[in-house]
Amino acid sequence: MNPRLRKAIGGVLILIFLPAYVWLAATLAAHLPGNKAVQLLFYVVAGVAWGAPLLPLLSWMDRGR
């Protein structure tokens, strides 16, 4: 597959994934208990975890012929 096409597909997938991830994280955050420590832990994990699903996509985008 053409590297340019691969990057275009990956960019579109990232633009679809990120708003969906933010929506899911915000929905889950609404159901958290009022405990500040639980909320802090959730936001730290949610703030870092978005990158894990994107790593395989980014490596696929960088693959050459």
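The values are calculated or read from the model by the stated rules, or taken from the named source; none is laboratory data. If you're wondering where the values come from, they're calculated on a predicted model, not measured in any experiment. Here the Cβ is made from the backbone with ideal geometry for all residues, glycine too, and neighbour counts use every protein chain on show.
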Modelled with pLDDT of 95 or more, in contact with a helix residue (DSSP H, G or I) (Cβ under 6 Å, 6 or more places away or on another chain) and not aromatic (F, W, Y): is that true of A20 in this structure? no
Flagged pairs (Cβ under 8 angstrom, 6 or more apart or on separate chains; first in the stretch 39-59, without any contact (Cβ under 8 Å) to a residue 24 or more places away in the chain; second assigned to a helix (DSSP H, G or I) and of a type in the set (G, A, S)) are Q39/A29; F42/A29; Y43/A29; A46/A25; A46/A29
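Can you pull out the helices (runs of 4 or more DSSP H) entirely within the chain that have at least 2 residues that are among the aromatic types (F, W, Y), surrounded by 10 or more Cβ atoms within 10 Å (Cβ to Cβ) and out of contact with any Asp or Glu (no Cβ under 9 Å at 6 or more places or on another chain)?
Passing ranges, in order: 3-29, 36-49.
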